[in-house]
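I have placed the structure first, in the form of C-alpha cells, so that the comments after it can refer back to it.
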Amino acid sequence: MQKNVIIFFSILILFSSAMSVENENEKFKFIKDIYSESWALIIGINEYQNVDPLSFAVNDAVAVNNILIDKYGFNEENIMLITDEEATKDNIMNGFQEILLSADEKDRIVVFYAGHGDTYPLPNGGDMGYLIPVDGEATKDRIFLTSISMSTLEELASMSAAKHILYLVDACYGGLTLNTRGLGQEQTPEYLRKMTKEKGRQVITAGGKDEVVMEKAEWGHSAFTKNLLQGLENELADANNDGIISGEELGGFIRSGVNIDTEGQHTPQKGRMGSDLGEFVFISENLEEDVASADDGLDDIQDQLAQQQKQMAELAEMLLAKKEGQGTDDIIPSSKPKKSKSKRRKSRSSTNMKTASTLSWVFPGMGHYYSKQVGKGIMFTGLELVSIGALGSLSNQHSILDEEYQLAQANMNGVQDGTTDCGDLSQVDCYQSWKSESSRLVEEKNNKKI
C-alpha cells in the first residue's frame with residue numbers, strides 16, 4: 001500500500017511538472033512552425049560611377065548581414081551580399097531573381113538596400129521610385145534604362161512563392177503606393193499565429209520624395225540603419241516584449257528613432273505591397289532556445305512518466321499474484337538473505353522507512369523529522385524554503401524590470417509627441433537616454449530570466 005502511495009505521489013508530481021512546462025510553452029510553440037528557410041539579398045553601395053558617393057552604405061549592408069546570421073538564424077549560404085562595384089543593375093536583378101524565386105512557400109526573405117534612390121515624375125502626374133545601382137544614372141532620360149523601379153520589385157515579389165518578404169530600403173524616393181493596414185498595438189500570440197500563416201509583402205523605407213538620407217561618422221551608419229540595428233540587436237523594437245519582432249513593430253520603431261535622430265528631416269515609411277496581410281517576424285534567438293529547451297524538458301518528463309507507468313504495471317502484476325497465493329519473494333528476487341523472526345520483530349518496532357520516504361515526497365525534510373533526524377530535517381527543509389524564496393524573489397525582480405522597461409518604451413514614444421518631460425536635455429539626447437535605459441533593462445531582464 002505504501003509503495004502505491006509513493007508511486008502515486010511520483011506520478012502526480014511529474015504530471016504536474018509536465019503540465020506546467022506544457023502550458024508555459026504552448027503559448028509560443030507555434031514559432032517553430034512559421035518558417036522552413038530564411039533567405040536574404042543585401043546590397044550596399046558607396047562608390048557610385050555617375051552620382052555622388054556615400055560613406056556608410058557598405059557598412060550598413062555588412063552590419064545587417066552579420067545580425068541576420070548571428071542573431072536571427074539566417075544561414076550564410078542563403079544570403080547574397082552585393083557591394084560597390086559588384087552592385088551593377090544586372091547583378092542586382094540576377095540577385096533578386098535568384099533569391100526571390102529560390103524560396104519555397106514556407107520561407108521568408110529579407111531584401112536590404114542601402115544606396116541612392118530617386119523619383120521620376122510620370123506624365124500622368126504620378127511618381128515612380130527608383131533604386132540606383134552602382135552604374136546607374138539619375139537623369140530623366142537615363143533613369144528608366146539604368147535603374148531599378150519599385151514596380152519591378154513588386155512584380156518580383158508577386159512571382160515569389162515565399163510566405164513573407166520584407167523590403168528594407170535605406171533610400172529616399174517617392175511614388176511608392178503602399179497598403180498601410182497592419183497589426184494593432186496588441187499583438188497577442190493568437191493573432192500572430194494567424195497572421196504568420198498568411199502571405200505578406202512588407203516594405204520599410206528611409207523616406208519619401210525630396211528627402212535625403214542622413215548618415216553620420218559618429219553613428220558609422222545612416223539614421224535608418226542605425227535604428228534598424230538597434231531595434232534588432234537589442235530587441236528594442238519588440239514593443240510588447242514577447243520575443244517576437246514583427247514587421248509592423250520594426251517599422252514603427254525605425255520611424256520614431258529616425259524622426260528623432262534627423263530632427264524630422266526625413267521620415268521612414270512603412271506598409272504592404274498588395275492586399276496580403278501576413279506578418280513577417282524576426283524571432284528572438286532566446287525565445288527559440290527557450291521553446292526548444294522547454295520541449296526537451298517536456299520530453300524528459302514524459303519519459304519519466306512512462307517509466308513510472310511501467311513500474312505501476314509491474315506492481316499491479318505483483319499484487320495480483322500475491323492475491324492469488326504467490327509470495328512476493330517469488331516475483332521479486334532479493335539479493336539479501338531473509339531476516340530471522342527476531343530481526344523482523346526488531347524491524348517492525350523501528351522506524352518505518354517506507355513511511356519516511358513517502359513523507360519526503362510531500363516536502364523535503366519531513367521524512368527526517370519522522371525518523372527523529374531533526375538536524376537533517378531542518379537542513380533539507382531550510383534548503384527547499386531558501387530555493388523557493390530565491391525563485392520568488394527573482395520572479396518579482398523580473399516583473400519589476402518588465403514594468404520599468406514598458407515605462408522606458410512609453411517615454412521613448414513620448415519624446416516624439418512631446419508628452420515626456422526631458423528637463424534640460426535636447427529631444428535627441430532625451431530619446432537616446434531612454435533608448436539606452438531600455439537596452440539596459442532588456443539585458444537585466446534576460447539575466448534574471450536565466
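The values are calculated or read from the model by the stated rules, or taken from the named source; none is laboratory data. For clarity, every value in this text was computed on a predicted model and none was experimentally measured. Glycine gets a Cβ as well: all are built from the backbone with ideal geometry, and neighbour counts include every protein chain shown. Surface areas here come from the heavy atoms of the whole protein model, side chains and all, with no ligands, DNA or RNA. Shrake-Rupley method; radii C 1.70, N 1.55, O 1.52, S 1.80 Å.
Worth a mention:
- Applying the Karplus relation 6.51 cos²θ - 1.76 cosθ + 1.60 with θ = phi - 60° to region 68-73 yields 3J(HN,Hα) values of 5, 6, 6, 10, 10, x Hz, where x marks Gly and Pro.
- The heavy atoms of R272 offer some 10 square angstrom of accessible surface to a 1.4 angstrom probe.
- Scanning residues 5 or more positions from W39 or on other chains, those with amide H under 5 Å from its amide H are R108, I109, V110, with H placed 1.01 Å from N in the peptide plane.
- Solvent exposure of V64, expressed as accessible area, is near 10 Å², computed with a probe of 1.4 Å over the protein chains only.
- Taking a Cβ cut-off of under 11 Å around Y167, the surrounding Lys, Arg, Asp and Glu residues balance to a net charge of +1, with basic ones at +1 and acidic ones at -1.
- Rounded to the nearest 10 Å², the accessible area of T355 at probe 1.4 Å: 40
- In this structure, the pairs whose alpha-carbon distance is over 27 Å, taken from K140/K226; K216/K435; K209/K435, are K140/K226; K209/K435.
- Surface listing: H221, H164 arranged by accessible area from highest to lowest gives H221, H164, probe 1.4 Å.
- Close amide H partners of E235, meaning residues 5 or more places away or on another chain with modelled amide H under 5 Å apart, do not exist here.
- Across region 75-83, rounded Karplus estimates of 3J(HN,Hα) from the backbone phi angles (6.51 cos²θ - 1.76 cosθ + 1.60, θ = phi - 60°) give 7, 4, 5, 9, 10, 10, 9, 10, 9 Hz, Gly and Pro being marked x.
- Each peptide in 54-62, 38-46 was scored by the mean count of other Cβ atoms within 10 Å over its residues; highest first, the order is 38-46, 54-62.
- Residues whose amide H lies under 5 Å from that of M128, counting only those 5 or more places away or on a different chain, are Y120, L122; hydrogens are built 1.01 Å from N in the peptide plane.
- The HN-Hα couplings worked out from phi for region 210-219 by the Karplus form 6.51 cos²θ - 1.76 cosθ + 1.60 (θ = phi - 60°) are 6, 9, 10, 5, 9, 9, 9, 5, 5, 8 Hz, whole numbers, x standing for Gly and Pro.
- DSSP-loop GluC sites (Glu not before Pro) across region 94-168, with at most 11 other Cβ within 10 angstrom: E105
- Rg and Dmax over the alpha-carbon atoms of region 372-450 stand at 20.4, 70 Å.
- Legend: residues K197, K270, K71, sorted from most to least accessible area (1.4 Å probe; ligands, DNA and RNA excluded), read K197, K270, K71.
- When all protein chains stay in place and ligands, DNA and RNA are ignored, the 1.4 Å accessible-area order of E47, E235, E77, E215, largest first, is E77, E47, E215, E235.
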